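Peer 1: Here you go, one structure.
The values are calculated or read from the model by the stated rules, or taken from the named source; none is laboratory data. Remember, predicted model here, so these are calculated numbers, not experimental data. As a convention, Cβ positions derive from the backbone with ideal geometry for all residues, glycine included, and neighbour counts pool all protein chains shown. For accessibility, only protein heavy atoms count, side chains too; no ligands or nucleic acids. Shrake-Rupley method; radii C 1.70, N 1.55, O 1.52, S 1.80 Å.
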Amino acid sequence: MRDKYVRDQRFIAVHRGGPLGIVQHRLLAAWAADCAERVLPLFLAACPEDDRPGAAIATARGWSRGEVSVSQSQKAAVAAHAAARATTNKPAIAAARAAGHAVATAHMADHSLGPYYYALKGIAAAGGSVDGERAWLLQRLPAEVRELVVSGIHRRFGERQP
């Protein structure tokens with residue numbers, strides 16, 4: 001079995017010595033934000049006054065357009081994960097984690113797989129259709145990163161998918 005802590009080299013950005021170009025990196029961030037935004041209502045239903053996950057998603061979208069720095073993205077990721085720790089509601093925790101990973105994609109592209117996983121986890125915890133959600137999330141994948149993400153999901157999560 002593959003060590004889950006070994007980074008998939010295909011997700012390492014060119015400026016860090018990997019093969020992932022900035023266009024693909026930004027596409028991953030935008031898709032990750034789509035995944036997280038899809039389940040944000042699960043967080044807001046439990047924590048309507050907490051805007052940290054929503055702000056993280058907005059920051060991820062800003063980074064994907066080249067308008068936000070990696071440093072700002074990292075701060076937003078920390079805040080979204082703090083929001084996850086501030087609640088005991090399982091769907092809300094998963095939604096906040098999805099937002100945190102979406103914005104963390106700016107720092108390390110392999111975080112883009114987290115919103116997919118946590119979106120499915122949140123839907124499962126809320127009693128929704130995981131298969132329907134999986135299909136929607138994968139359908140949103142840009143063609144330029146489809147193979148990378150689908151194979152990355154299989155490598156990272158394999159049978160552990162919710």
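Peer 1: Scan segment 27-39 and give yes if some residue there is in contact (Cβ under 8 Å) with a residue 24 or more places away in the chain, under 16 Å from the mean Cα position of the chain (by Cα), under 25 Å from LEU138 (Cα atoms) and surrounded by fewer than 19 Cβ atoms within 10 Å (Cβ to Cβ), otherwise no.
Peer 2: Checked against the condition, which is being in contact (Cβ under 8 Å) with a residue 24 or more places away in the chain, under 16 Å from the mean Cα position of the chain (by Cα), under 25 Å from LEU138 (Cα atoms) and surrounded by fewer than 19 Cβ atoms within 10 Å (Cβ to Cβ), segment 27-39 yields no hits at all.
Peer 1: Ok, one more. Against the condition assigned to a loop (DSSP other than H, G, I, E, B), under 18 Å from TRP63 (Cβ atoms) and not β-branched (Val, Ile, Thr), how does ALA106 come out, does it pass?
Peer 2: In short, yes.
Peer 1: Only one of these conditions is not met by SER69: (1) under 22 Å from LEU141 (Cβ atoms); (2) open to solvent by 20 Å² or more (accessible area, probe 1.4 Å); (3) not β-branched (Val, Ile, Thr). Which number is it?
Peer 2: (1)
Peer 1: In the list ALA76, ALA95, ALA56, which residue meets the criterion of being touching a Phe, Trp or Tyr at 6+ places or on another chain (Cβ under 7 Å), buried (at least 21 other Cβ atoms within 10 Å of the Cβ) and either touching a residue at least 24 places away in the same chain (Cβ under 8 Å) or not in a helix (DSSP H, G or I) (or both)?
Peer 2: It is ALA95.
Peer 1: Looking for something touching an Asp or Glu at 6+ places or on another chain (Cβ under 9 Å) and modelled with pLDDT of 95 or more - is there at least one such residue anywhere in segment 77-84?
Peer 2: yes
Peer 1: Could you tell me whether THR59 is under 19 Å from ALA124 (Cβ atoms), among the polar types (S, T, N, Q) and out of contact with any Lys or Arg (no Cβ under 7 Å at 6 or more places or on another chain)?
Peer 2: no
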